[in-house]
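Peer 1: Sharing a structure below in structure tokens format, with a few things to ask.
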Amino acid sequence: MHYNVIKKLAKPTIGWTKINVDGSLSRCGSRAAIGGVARGPSSDWLFGFKVSVSFIDIFQIEAKVVFEGLRLAWNKGFRHVELESDNAFLI
């Protein structure tokens with residue numbers, strides 16, 4: 001799998017939960033994965049996820065990770081959520 005370089009993550013706004021998400025596609029294009037992490041206002045870890053997904057194009061992979069991050073946050077009772085992704089079109 002291809003892994004992106006992790007850069008320093010900005011703290012969420014007070015009273016909000018921040019979710020950072022990303023998707024990746026293997027170099028040979030046969031496998032894909034999505035994942036993310038949610039943090040509270042003091043940058044404390046709240047939850048994380050990683051999932052292998054079926055091969056689809058990179059836009060669909062990025063859309064799936066955004067949806068999954070927001071779905072998990074909602075199911076865990078978080079209603080004020082900031083989302084960071086490297087796909088500006090989806091945001």
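The values are calculated or read from the model by the stated rules, or taken from the named source; none is laboratory data. The structure displayed is predicted, hence computed values, not measured ones. For neighbour counting, all protein chains shown are included, and Cβ atoms are generated from backbone atoms with ideal geometry for every residue, glycine included. What goes into the accessible areas is simple: the full protein's heavy atoms, side chains included, and nothing from ligands, DNA or RNA. Shrake-Rupley method; radii C 1.70, N 1.55, O 1.52, S 1.80 Å.
Peer 1: Residue by residue through the stretch 1-20, note down the ones that are in contact with a Pro (Cβ under 9 Å, 6 or more places away or on another chain), at pLDDT below 85 and surrounded by 10 or more Cβ atoms within 10 Å (Cβ to Cβ).
Peer 2: Lys11, Pro12, Thr13 - these are the residues of the stretch 1-20 that are in contact with a Pro (Cβ under 9 Å, 6 or more places away or on another chain), at pLDDT below 85 and surrounded by 10 or more Cβ atoms within 10 Å (Cβ to Cβ).
Peer 1: Still on this model: So which residues in the stretch 65-91 are in contact with an Asp or Glu (Cβ under 7 Å, 6 or more places away or on another chain) and open to solvent by 100 Å² or more (accessible area, probe 1.4 Å)?
Peer 2: In the first step, residues of the stretch 65-91 are kept if they are in contact with an Asp or Glu (Cβ under 7 Å, 6 or more places away or on another chain); the result is 65, 85-87, 90.
Matches in the stretch 65-91: Asp86 only.
Peer 1: Can you tell me how many residues in the stretch 33-43 are modelled with pLDDT under 90 and either open to solvent by 70 Å² or more (accessible area, probe 1.4 Å) or touching a helix residue (DSSP H, G or I) at 6+ places or on another chain (Cβ under 8 Å) (or both)?
Peer 2: Counting residues in the stretch 33-43 that are modelled with pLDDT under 90 and either open to solvent by 70 Å² or more (accessible area, probe 1.4 Å) or touching a helix residue (DSSP H, G or I) at 6+ places or on another chain (Cβ under 8 Å) (or both) gives 1.
Peer 1: Considering only residues of the stretch 75-88 that are in a loop (DSSP other than H, G, I, E, B) and free of Cβ contacts under 8 Å to residues at least 24 places away in the same chain, which is nearest to the chain's Cα centre (by Cα)?
Peer 2: By that ranking, first place goes to Ala88.
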